[in-house]
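Quick notes on the structure that follows.
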Amino acid sequence: AEYSIREGEWISIGLEPLAGDLYKTVLSVEEEDFSETDSLRYRIIAYDKAGSPNLRVSPSEGYYAVSIVTATDPVERYSTNFSDAFDDFYLEGFRTGDADGFPDRALHSEHPYASPEEDNSEFDFFAILRVPVIYDPSGLTIAFDEIVMVEPGEDGALFGTDDFYDYVVIEASADYGKTWFAVADGYDSRYRSAWMNAYTGSIDEEGNSLYVPSVTDIYDHVITADFPGLVEPGSPLLIRFRLHSDPY
C-alpha cells in the first residue's frame, strides 16, 4: 500500500496476509498528524510471481480518500432546528438546508435518493452528529420530526433481511465510530400508513415513486432505548442517521 497524509509524500507499507484473499496493515499516526480539513489518501499495489511480474493498482487511477472528522466535547443533551448546525454534522449523501415547499431548514437526503441499479450493490448515506451525547443510566431519548419516502419492503419482512429493501435507521457508537449498533429497528414508508399510501400511489413504469412530499407529510418520532451491558452509563455516544439503498 501507498498512503499520503495532507497531500504530502507517498509512503509505502507492506500488507500482512490473512485468510483467503484478505490482507491488512496498521498505520501508526499521531493525533497531531491531522486537522479537521485533512484527508488520508491511499492506493493498493499488487504484483504477482510471474517471471515478468504483472502489476495492478487499486484504484486504477487516482486514489481512495478518507476524510478526517473530529468530535466535539460530550454534552448531556443536544437540540437543533438546523438554522445554525452547519458544523454539527458530518454528511455523506445528506445536506442541511431548505427545500421547495418547506418553510424551515431541515436535514435532507437527495430527492430522490440514489439507487445502485446493479446486482450485489448497495449505497449507504449518513449524517453523523459530531457532538457526542452522554449516555444516561435511565436510557437514551431521541425526538425529531421526519418524512420517510423510502421504498417499502415485502409484507412481513423483518429488518435486516433481504426482503426489507431500503430503510432508514438511527445508530449509535460508544467507541467514536469504530462500531455502530441500531438504537431501534430500521424502517421504511410502511412505518406510517400515510407515507405508504403516498409512496405507492404514484409509481412509474420503472417502479419509482413520483410522489412529492409537503409539510403535511411530517410526523414526529420519539425513540427511547437503553443498552444494558452494551454501553456504560456516562459514556459518550455518537449518533448517526443512515439511509440504506439496496440494488434496485
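Could you grab me the full set of residues in region 17-59 that are among the small types (Gly, Ala, Ser), closer than 28 Å to Thr70 by Cα and open to solvent by less than 60 Å² (accessible area, probe 1.4 Å)?
As a first pass, look at region 17-59 and keep what is among the small types (Gly, Ala, Ser): 19-20, 28, 35, 39, 46, 50-52, 58.
From what's left, closer than 28 Å to Thr70 by Cα: 28, 35, 39, 58.
Result: Ser35, Ser39, Ser58.
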- Message: Anything in region 28-47 that is part of a strand (DSSP E or B), of a type in the set (A, V, I, L, M) and in contact (Cβ under 8 Å) with a residue 24 or more places away in the chain? List them, or say none.
- Response: Leu40, Ile44, Ile45
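From Glu206, Glu154, Glu232, grab the single residue that is open to solvent by 20 Å² or more (accessible area, probe 1.4 Å), of a type in the set (Asp, Glu), in contact with a helix residue (DSSP H, G or I) (Cβ under 7 Å, 6 or more places away or on another chain) and assigned to a loop (DSSP other than H, G, I, E, B).
Glu154
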- Extreme residue, least open to solvent (accessible area, probe 1.4 Å), among residues of region 173-189 that are in contact with a Phe, Trp or Tyr (Cβ under 9 Å, 6 or more places away or on another chain) and free of Cβ contacts under 8 Å to residues at least 40 places away in the same chain: Tyr187
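Identify the residue in region 142-151 that is of a type in the set (D, E, K, R) and open to solvent by less than 50 Å² (accessible area, probe 1.4 Å) and, among all such residues, is nearest to Pro213 (Cα to Cα).
We begin by selecting, within region 142-151, every residue of a type in the set (D, E, K, R); these are 145-146, 151.
Okay, now just the ones that are also open to solvent by less than 50 Å² (accessible area, probe 1.4 Å), so 146, 151.
Numbers: Glu146: 11, Glu151: 14 Å.
Across region 142-151, the extreme among qualifying residues is Glu146.
Which residue is farthest from Asp104 (Cα to Cα), if the candidates are limited to region 209-229 and must be of a type outside the set (Ser, Thr, Tyr) and part of a loop (DSSP other than H, G, I, E, B)? Spell out how you get there, then give the answer.
So the first thing to find is which residues in region 209-229 are of a type outside the set (Ser, Thr, Tyr), and the list is 210, 212-213, 215, 217-218, 220-223, 225-229.
Those left that are additionally part of a loop (DSSP other than H, G, I, E, B): 210, 212-213, 218, 226-229.
Details: Leu210: 23, Val212: 17, Pro213: 14, Ile218: 12, Asp226: 31, Phe227: 34, Pro228: 37, Gly229: 39 Å.
Restricting to residues being of a type outside the set (Ser, Thr, Tyr) and part of a loop (DSSP other than H, G, I, E, B), the top hit is Gly229.
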- Name, by its number, the condition in (1) touching a Ser or Thr at 6+ places or on another chain (Cβ under 8 Å); (2) surrounded by 10 or more Cβ atoms within 10 Å (Cβ to Cβ); (3) modelled with pLDDT under 95; (4) not hydroxyl-bearing (Ser, Thr, Tyr) that does not hold for Gly14. (2)
- Of (1) modelled with pLDDT of 90 or more; (2) open to solvent by 50 Å² or more (accessible area, probe 1.4 Å), Ala127 fails just (2)
- Query: Can you name the residue in region 1-11 that is within 20 Å of Ser35 (Cβ to Cβ) and in contact (Cβ under 8 Å) with a residue 24 or more places away in the chain and is also surrounded by the fewest Cβ atoms within 10 Å (Cβ to Cβ) among such residues?
  - Reply: Glu7
- Message: For a quick check of your reading of the model, give me the residue pairs whose first member lies in region 54-72 and is within 13 Å of Leu40 (Cα to Cα) and at pLDDT below 90, whose second is open to solvent by less than 70 Å² (accessible area, probe 1.4 Å) and among the aliphatic types (A, V, I, L, M), with beta-carbon atoms closer than 6 Å and at least 6 apart or on different chains.
- Response: Val66/Leu40
- Message: Take Phe181 and tell me if it is at pLDDT 95 or above and under 15 Å from the mean Cα position of the chain (by Cα).
- Response: yes
- Message: Can you find, within region 157-172, the residue that is most open to solvent (accessible area, probe 1.4 Å) among those that are in a loop (DSSP other than H, G, I, E, B) and small (Gly, Ala, Ser)?
- Response: Gly160
- With the condition kept exactly as written, say whether any residue in region 185-199 is in contact with a Ser or Thr (Cβ under 9 Å, 6 or more places away or on another chain) and assigned to a strand (DSSP E or B). no
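The values are calculated or read from the model by the stated rules, or taken from the named source; none is laboratory data. Just so we're clear, the structure is a prediction, and the values are computed from it rather than from any experiment. Please note: Cβ atoms are built from the backbone with ideal geometry, for glycine as well, and neighbour counts cover all protein chains shown. The accessibility values were calculated without ligands, DNA or RNA, using every heavy atom of the protein model including side chains. Shrake-Rupley method; radii C 1.70, N 1.55, O 1.52, S 1.80 Å.
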